[in-house]
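**Student:** First the structure, which I've put down as structure tokens, then a few questions once you've had a look.
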Amino acid sequence: MDIIEKNKLLMNELAAGSPQLAEQVNALDWNELQAALDECIFKKDQFGLPEEYGPASYFPLIPENPEQEKLYGQAFVHGEKLIRAGKTAAFTVAGGQGTRLGYDGPKGTLAVSPIKGKPLFQLFAEQILGISEKYEVAIPWYVMCSPLNLEATVSHFEENAYYGLSRENIKFFAQGVMPATDFKGNLLLASQDSLALSPNGHGGSLKALIDSGSIADMASRGIEHLSYFQVDNPLVSVINPLFIGLHDLQKSDMSSRSLTKTGPFEKLGNFVSIGDRVTIIEYSDLPEEKALEKEGDGRIRYRAGSPAIHVLRRDFIEQFASGEIKLPYHRAEKKVDHLDEAGERTTPEEPNAVKFETFVFDALPLAKNPLILEADRLEEFSPVKNKRGIDSLESSQADQVKRAKRWLTNAGHAIKETSIVEINPRAFPSERDILGAEFKDYDFESDLIYLD
Ligand code: UTP
């Protein structure tokens, strides 16, 4: 008997005793599970590496010639025009489980700012408000959660009065889930009444945007571009005029920011080109000899890494509506609490299960005219992923303080090396907004400076 039939038989039997389980089993898309098993367990449809590829070219952070300088200037003005005309919206993917961080609650509710302890969601909300006020326009914010954290996320916003945003401009919705299986493809139960379900990866955002009515909502508001970012990066520029302007001027379907990798093996996805298309090869999949290749000037060739910041055209996302175009599943081996054969709930010490996830960057090869714009890591990227060390709360707070101090110093204020500085993103959504601002009532000699 094939594995799908076996799973069906067993689950229908168990579901007879539990209405909740029956509901989950009825809602299962068995064809989707079959596809995921084929791709990730039986490896029938190996996606593998493209046969021929090279490093993707990208627009450098600092323009390299007068032509580029002119283009960036035009792009910035164009981006501002699009924002002011209400053509742009913000989109946060916040459906992950944050297992590495081990924080109890939606990650966006984690207090991250160095002085005020503002949660990630608040920092994004304030930046959106600041930009809305600057350009005198409503900027809708779409927040994707998962069925596991939607309620807690919405309650958090309700309790905090949406951080000053108007309710009609925020839309929360849940992405899809996939059941986890053991390494042979047998479905796992989290309890007598539930399958072990987990969110289907950030790639699930494209379909979820459509199914939730968010794309239709965007269309009715005249939104053309969606600024995509992850919930864990407090430094992200939520709506960036240069990036959006360039993306639109170059008629790109999906654009990405890149970071210059700190070394050949940094754990960032690598942007590569296949003909006129772009794709990402995960750090674990880029062959060592490729990772080590160098240019004549000594820089590594595959140096453009992905911080998962994109802009997507609304009509590019619309093509995922029919379900005919699918993103491939990736296999994630995880520790999943489940009922063992004796029906006892067990917490494994080693990975025991496969979770099936799709990744949003797998949409890149489908995008026409994809463009990549380099970002300054110190300015725009410091995620909170881990409990300690690299990409932890501690490192991110240190980076937030460094950036705030840099902004003030660049604006001509002398700040003590030991001072802690935090900037309210509503008052100053970008560095440009600080330059030229007058600060009469601030004591820049102070140990704690909160710029509001
Ligand atoms: P990560 O890959 O860092 O996963 O997600 P995670 O679930 O947050 O954390 P770990 O790996 O369990 O420690 C990157 C971004 O994609 C979102 C996350 O919320 C985060 O913003 N994401 C991830 C989703 O929205 N849905 C998913 O199914 C997975």
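**Student:** Checking HIS330 against (1) within 15 Å of the ligand (Cβ to nearest atom); (2) open to solvent by 30 Å² or more (accessible area, probe 1.4 Å); (3) at pLDDT 95 or above, which test does it fail?
**Tutor:** (3)
**Student:** Anything in segment 52-97 that is among the aliphatic types (A, V, I, L, M), out of contact with any strand residue (DSSP E or B) (no Cβ under 8 Å at 6 or more places or on another chain) and open to solvent by 60 Å² or more (accessible area, probe 1.4 Å)? List them, or say none.
**Tutor:** Initial filter on segment 52-97 (among the aliphatic types (A, V, I, L, M)): 56, 61-62, 71, 75, 77, 82-83, 85, 89-90, 93-94.
When the remaining residues are screened for being out of contact with any strand residue (DSSP E or B) (no Cβ under 8 Å at 6 or more places or on another chain), the result is 62, 71, 75, 77, 83, 85.
Across segment 52-97, the qualifying residues are ILE62, VAL77, ALA85.
**Student:** How many residues are surrounded by 24 or more Cβ atoms within 10 Å (Cβ to Cβ) and in contact with a helix residue (DSSP H, G or I) (Cβ under 6 Å, 6 or more places away or on another chain) when one looks only at segment 116-138?
**Tutor:** Total meeting the criteria: 4.
**Student:** Moving on. Please list, ordered by first then second residue, the pairs with beta carbon atoms under 9 Å, 6 or more apart or interchain, first in segment 413-426 and more than 19 Å from ASN233 (Cβ to Cβ) and part of a loop (DSSP other than H, G, I, E, B), second small (Gly, Ala, Ser) and modelled with pLDDT of 95 or more.
**Tutor:** ILE415/ALA404
**Student:** While we're here: Just name the residue that is farthest from the ligand (Cβ to nearest atom) out of those in segment 114-152 that are among the hydroxyl-bearing types (Ser, Thr, Tyr) and touching a residue at least 40 places away in the same chain (Cβ under 8 Å). Even if it seems obvious, please write down each step before you answer.
**Tutor:** Restricting attention to segment 114-152, the residues satisfying the condition of being among the hydroxyl-bearing types (Ser, Thr, Tyr) are 132, 135, 142, 146.
If we keep only those that are touching a residue at least 40 places away in the same chain (Cβ under 8 Å) too, we end up with 135, 142, 146.
On the way: TYR135: 26, TYR142: 12, SER146: 6 Å.
Among those that are among the hydroxyl-bearing types (Ser, Thr, Tyr) and touching a residue at least 40 places away in the same chain (Cβ under 8 Å), it is TYR135.
**Student:** Restricting the search to segment 187-207, which residues are more than 12 Å from the ligand (Cβ to nearest atom) and in contact with a strand residue (DSSP E or B) (Cβ under 8 Å, 6 or more places away or on another chain)?
**Tutor:** Correct list: LEU187, LEU188, LEU189, ALA190, SER191, GLN192, LEU195, ALA196.
**Student:** Go through segment 20-51 residue by residue and tally those that are outside any loop (DSSP other than H, G, I, E, B), of a type in the set (S, T, N, Q) and either touching a helix residue (DSSP H, G or I) at 6+ places or on another chain (Cβ under 7 Å) or open to solvent by 80 Å² or more (accessible area, probe 1.4 Å) (or both). Steps first, please.
**Tutor:** The first filter runs over segment 20-51 and keeps only residues outside any loop (DSSP other than H, G, I, E, B), leaving 20-27, 30-40.
Those still in the list that are of a type in the set (S, T, N, Q) too: 20, 24, 26, 31, 34.
Filter once more, so that each one left must be either touching a helix residue (DSSP H, G or I) at 6+ places or on another chain (Cβ under 7 Å) or open to solvent by 80 Å² or more (accessible area, probe 1.4 Å) (or both): 20, 26, 31, 34.
So the count comes out to 4.
**Student:** Is it the case, given these coordinates, that PRO383 is open to solvent by less than 40 Å² (accessible area, probe 1.4 Å) and modelled with pLDDT under 95?
**Tutor:** On the way: open to solvent by less than 40 Å² (accessible area, probe 1.4 Å): yes; modelled with pLDDT under 95: no.
Here the answer is no, as PRO383 does not meet what is asked.
**Student:** Sticking with this structure for a sec: Of all residues in segment 390-412, which are open to solvent by 40 Å² or more (accessible area, probe 1.4 Å) and not in a helix (DSSP H, G or I)?
**Tutor:** Result: ILE390, ASP391, GLY412.
The values are calculated or read from the model by the stated rules, or taken from the named source; none is laboratory data. Values in this document were obtained by computation on a predicted structure and should not be read as measured data. FYI the Cβ positions are ideal-geometry reconstructions off the backbone, even for glycines, and counts take in every protein chain you see. To get the accessible areas, we keep the full protein, side chains included, count just its heavy atoms, and leave off ligands, DNA and RNA. Shrake-Rupley method; radii C 1.70, N 1.55, O 1.52, S 1.80 Å.
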